[in-house]
1. Compute the Rg/Rh shape ratio of segment 125-168: radius of gyration over Kirkwood radius, all on alpha-carbon atoms.
2. If one computes P(r) from the Cα atoms of segment 152-234, what percent of pairs lie at distances over 21 Å?
3. Taking amide H positions as placed in the peptide plane 1.01 Å from N, state which residues far from R8 in sequence (5 or more) or on other chains have amide H under 5 Å from it.
4. Express the accessible area of segment 154-210 per residue in Å², computed with a 1.4 Å probe while the remaining protein chains stay in the model.
5. Is the C-alpha gyration tensor of segment 187-230 telling us rounded, prolate or oblate? Criteria: a/c under 1.5 is rounded; beyond that, a/b larger than b/c is prolate, otherwise oblate.
6. Could you run the Karplus curve 6.51 cos²θ - 1.76 cosθ + 1.60 with θ = phi - 60° over segment 176-181 and give me ³J(HN,Hα) per residue in whole Hz, x for Gly and Pro?
7. Around S212, with a cut-off of 15 angstrom between Cβ atoms, what is the net charge of the other residues, counting Lys and Arg +1 and Asp and Glu -1?
Amino acid sequence: IENLFLPRFIQAQTKLDDKSDDNTKGLSRGFESYFRLNQKDDSIAKILKTSLDDTAINLDVNYKIFFKNLFDDLKEFGVNNGVNIQQIEIKSQFEVEDVLKDNANLFYKHNGDELLPEKSNGLGYSKLIYIVLTILSYYEEQSKRKTLPNFSLLFIEEPEAHLHPQMQQTFIKSINEFAKKKNWNAQIVITTHSPHIVNDSGFHCIRYFDNSDSKKGVIVKDLSVFNSTMKSKNSEALKFLKQFITISNCDMFFADKIIMVEGTVERLLLH
């Protein structure tokens, strides 16, 4: 089933943190994985190997000079005591894979040229970069497959965590534009409690899960069906609803109870 739909999950709780003692470097590792995934050839590895070989030759010369007295003393201990000590050498050894690993570190520019480490940035910005990087990595990984499914599944859990309202609105608009621009047949499922995300999604994107009745269990209300029905039966009413489903009114989707008021006077009485 996984090979059929290629599902991926972006959890709400990530390993990102903005504490001064955080050393996980979640974003840095993400960029490093993206680099490994998208290398078109091994040209970078070849250049790096040449540089490492030159460094190793220079280091070996210094090792030989530095350890000469130690090796001479070690030989004396063997000869004087009748012990045949094998001749040894210290050689430097660099592996390209080891150098590429944990070697991409993310910094933020501050006041022009000053660089601040990854943990110095706000958690909201780091969370947004992490989500976008994961989406791009998933897209690149899928685009390299020889056989692609008719559609794939990407689940994003509560992207609003740590994101301020403007970031939430920008994210939900950008992810739709990205999928269209890349002609990417991905079914993107986002779970959210954010009225900002709901407000910028439109009726056709909303699937409302109602669990208020314990006997009936969870009822899923597909508002895309509602949108189609209203468009054919009463387009003016649909236009009215879309006009007044603003950010504040989208809170209704997450409310336990709703009190309807007729006008300003009734609203003041309730306050």
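1. Looking at segment 125-168, the ratio lands at 1.08.
2. On the way: 1373 of 3403 pairs.
The share of Cα pairs beyond 21 Å in segment 152-234 comes to 40 percent.
3. Close amide H contacts, sequence-distant or interchain: L153, L154, F155.
4. Working: 3150 Å² over 57 residues.
With the other protein chains kept in place, segment 154-210 gives 55 Å² per residue.
5. Details: a/c = 2.13, a/b = 1.34, b/c = 1.59.
Taking the square roots of the gyration eigenvalues as a ≥ b ≥ c, segment 187-230 is oblate.
6. Running phi through 6.51 cos²θ - 1.76 cosθ + 1.60 with θ = phi - 60° gives 5, 5, 5, 4, 5, 4 Hz.
7. On the way: positive: K215, K216, K221, K257; negative: D210, D213, D256.
Around S212, the charge tally is +1.
The values are calculated or read from the model by the stated rules, or taken from the named source; none is laboratory data. What you see is a predicted model; the values in this text were computed from it and never measured. For neighbour counting, all protein chains shown are included, and Cβ atoms are generated from backbone atoms with ideal geometry for every residue, glycine included. Remember, those area values only see protein heavy atoms, side chains included, never the ligands or the DNA or RNA. Shrake-Rupley method; radii C 1.70, N 1.55, O 1.52, S 1.80 Å.
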